Amino acid sequence: MTDENENRPQQPEGDQPRAFDPALASPIIDAAPGRVGTRALATVAALPAPVAQPIVAPVGDTGHVWRTRLAYFFLIGYALLMFVPFAWTVITSFKTLEDSVRLTLIPQPFTTAAWDYALFQLHPNVAQMFFNSFIVAIAVTLTNVVLGSVAGYAFARLRFPGRNFLFLLVLATLMIPDQLRMLPIYIITNALGLGKGPLQLASIVLVLAISATSVFLLRQYFLTIPKDLEEAARIDGASHWTTFLRVMLPLASPAIAAVTILQFQGTWNGFFWPFVLIRDQALWTLPLGLTQFRLVGGFGTNWPPLMATVVMATLPILVLYMFFQRYFVEGIAASGVKG
Amino acid sequence: MTAASGTRPSKVVQKRVGGRQEALAGYALIAVPMLLFLVLNIGSILYAAFISVWRWNVRTGPQQFLGLDNYVNALKDPIFQSAVTNTIYYTVIWVPLTMALGLFLAVIVNQKIRGKTFFRGAFYFPSIASSAAISTIWIFILNPFGLFNEVRGVLGLNPVFSLLGYEANQDWLGDYHTAMNGVIILNAWTTSGTFMIFYLASLQAIPHEVYEAAAIDGAGAWDTFRRVTFPLLRPGHFFVATVGIIGGLQLFDQAVQIGNVDGAPANSLMTLVLYLYNAAFKRVQYGYAAAIGVVLFVIIFSATLIQRRIFEGREPTTA
């Protein structure tokens, strides 16, 4: 959360180079095909114009000072409101059960028993669930980067009959709520034999393997890369595939980073598909485990280990957020908001 | 460079061959992703529509053609009706509340103040955590002996709450009077930062000169906001409201995390999507569940279209 990690869409006054900002890539607007009802396109409408000016400071001295104080009062108060629940979570994870219902900031006694219990003794333990979440998130991220960049490149750069129609079809899938797909996908994955054993994790990967958001983000970025570079490679006799792999892909690394963060975070946090597709307890991901422990696992009010699990479920994303804050913001701008 | 000399084929032929190659390369590259989109998205909705007109046997598939019976039964089902009511109640309260919070935060954070990067990061922070983590935290905080009840006791706010009819150990998420409102506040807390980001983007799209003109006309801060900023944020309002309504109508995670698959307590957290899940996997009525899914899709789709109509009149930035 340093100044270097300035959120993207609220473009600061400075003119530091932009790594990647789909919001500011003008071809998005040029290429937006009509009025397709997709979130991605709606985003474009709402995103900032390339040159954003700071708002004029209000005039009038005393009023200004007073307003600034009031603003800080709200800012600090709201920031506290954001942090206190998380801080309380961390504190509670080092408490005993009896101590966890007391309003004390320092655990007495300070104990790591809850962590020990959650990490190693639960079934499945947090380490196992962490592993499950990680495998699924990595796999989904990889497939999205690979499939998203090949499709994004094809839609951006190669001419073939039906290209626009197929791209519209991809965007239209953003309008389909996951819930409508729930039953068919459940039936299809079972028919494919993905309903048993570790393959249940594969069924999640299959469902999330490619999202229209990934294709869209990468396509928009490929559109911004000057054609000359590609043409130079083509004149040297490179095939489309080589041009893509050697020239275009390396240039698209900022977009690939955005897709990576977006997909990793989304899958790591994902609840719906694991809830629908995973039946074996040993395969629970962290969000699924957190919920199931409370609902069916019988420790609904054993707060300290639950809070330790919450910390473990949030920590990787927090670390990513601190280092790559701006990609998170691009991600939400592109994909809308979770329900 | 060798091809550039002497006997190369005519440009037209070369172009045609190149074009064919290019098209083949294009199809090859989109083949796998397109297959997945077609089967798992387009195929899925067609399949769901198909299932919805049958009595469906879990093992053998279609059993008896029912036509629209599943739909008719859904509309007559009291739990379905309360799921619709709950979902609409949630959306109607949560969307404007979160929009107001997001806009308020965006306007404050957009001013020239120190540490605004920090505040933006802080406000957006809850949006990055998983719904399961957030729900668990809030179940802990709002339990009868949780942080919230303790703190209001210490602050001496209990008389105020008892005037409103709440005891010192009110079980906020376990009492059907307050559970849905608890979820609304919980989700407003999580999402206000996201809406702030959206509003910041559209705030910064408002041209500088507009504010200068307002200042010359002697407009105060409130008047400027009400008569200049707010109306000019129209595309932003549209976008945030659309995203919010689509998300609101699909409320599922928090409902099931707090109220399990029955939307406890007393169906107060039974939402449309949760009822769809319930019908499919608890009562194992696939045809019926699929019909609910189609109804949900139609509701979401029409909500988006209606909104588009409403905002269409004066919407300068879209094509």
Lone unmet requirement of (1) within 18 Å of residue B:257 (Cα to Cα); (2) within 7 Å of chain A (Cβ to nearest Cβ); (3) polar (S, T, N, Q) for residue B:110: (1)
Residue check: is residue B:284 assigned to a helix (DSSP H, G or I), in the same structural domain as residue B:139 (by TED's automatic domain parsing) and of a type in the set (A, V, I, L, M)? no
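Could you list all residues from the range A:89-101 that are surrounded by 12 or more Cβ atoms within 10 Å (Cβ to Cβ) and either farther than 14 Å from residue A:310 by Cα or within 12 Å of chain B (Cβ to nearest Cβ) (or both)?
Residues satisfying the conditions are A:89, A:90, A:91, A:92, A:93, A:95, A:96, A:97, A:99, A:100, A:101.
Listed here are the residues, each with its yes/no results for (1) surrounded by fewer than 18 Cβ atoms within 10 Å (Cβ to Cβ); (2) more than 7 Å from chain B (Cβ to nearest Cβ); (3) among the small types (Gly, Ala, Ser).
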{"site": "A:125", "(1), (2), (3)": "yes, yes, no"}
{"site": "A:145", "(1), (2), (3)": "no, yes, no"}
{"site": "A:159", "(1), (2), (3)": "yes, no, no"}
{"site": "A:164", "(1), (2), (3)": "yes, yes, no"}
{"site": "A:172", "(1), (2), (3)": "yes, yes, yes"}
{"site": "A:179", "(1), (2), (3)": "no, no, no"}
{"site": "A:184", "(1), (2), (3)": "no, no, no"}
{"site": "A:187", "(1), (2), (3)": "no, yes, no"}
I need the full set of residues from the range B:123-142 which are more than 7 Å from chain A (Cβ to nearest Cβ) and not in a helix (DSSP H, G or I), in order please. B:142
So for the range A:188-207 (the condition being in a helix (DSSP H, G or I) and basic (Lys, Arg)), does at least one residue qualify? no
Flag for residue A:246 being of a type in the set (Lys, Arg) and buried (at least 22 other Cβ atoms within 10 Å of the Cβ): no
Residue pairs within 7 Å by beta carbon, gap of at least six or interchain, first lying in the range A:255-275 and more than 10 Å from every other protein chain (Cβ to nearest Cβ) and on the phi < 0 side of the Ramachandran plot, second among the acidic types (Asp, Glu) and assigned to a helix (DSSP H, G or I), listed first then second, are A:258/A:330
Report yes if residue B:120 is part of a helix (DSSP H, G or I) and under 30 Å from residue B:233 (Cβ atoms), otherwise no. yes
Of all residues in the range A:94-134 being among the small types (Gly, Ala, Ser) and in contact (Cβ under 8 Å) with a residue 60 or more places away in the chain, the one that is nearest to residue A:284 (Cα to Cα): A:133
Scanning for something among the hydroxyl-bearing types (Ser, Thr, Tyr) and more than 13 Å from residue B:291 (Cα to Cα), does the range B:66-75 turn up at least one residue? no
Would you please name the residue that is surrounded by the fewest Cβ atoms within 10 Å (Cβ to Cβ), looking only at residues in the range B:151-191 that are in contact with a Phe, Trp or Tyr (Cβ under 9 Å, 6 or more places away or on another chain) and among the small types (Gly, Ala, Ser)? B:168
Identify the single condition in (1) surrounded by fewer than 23 Cβ atoms within 10 Å (Cβ to Cβ); (2) at the interface with chain A (Cβ under 7 Å from one of its Cβ atoms); (3) under 11 Å from residue A:85 (Cβ atoms); (4) of a type in the set (A, V, I, L, M, F, W, C) that residue B:148 does not satisfy, given that it satisfies every other one. (2)
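Can you say whether residue B:127 is out of contact with any strand residue (DSSP E or B) (no Cβ under 8 Å at 6 or more places or on another chain), farther than 23 Å from residue B:297 by Cβ and among the small types (Gly, Ala, Ser), as far as the supplied structure shows?
Yes; evaluated as a whole, the condition is true for this residue.
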Of the conditions (1) touching a helix residue (DSSP H, G or I) at 6+ places or on another chain (Cβ under 7 Å); (2) modelled with pLDDT under 90, residue B:115 fails just one. Which one is it? (1)
Failed condition for residue B:60, given (1) over 24 Å from residue B:297 (Cβ atoms); (2) buried (at least 21 other Cβ atoms within 10 Å of the Cβ); (3) of a type in the set (Val, Ile, Thr), with all others met? (2)
Is it the case that some residue within the range A:295-308 is under 26 Å from residue A:211 (Cα atoms) and modelled with pLDDT under 85? no
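The values are calculated or read from the model by the stated rules, or taken from the named source; none is laboratory data. These numbers were taken from a predicted model, which means no experiment stands behind them. Backbone-built Cβ (ideal geometry, glycine too); neighbour counts: all protein chains shown.
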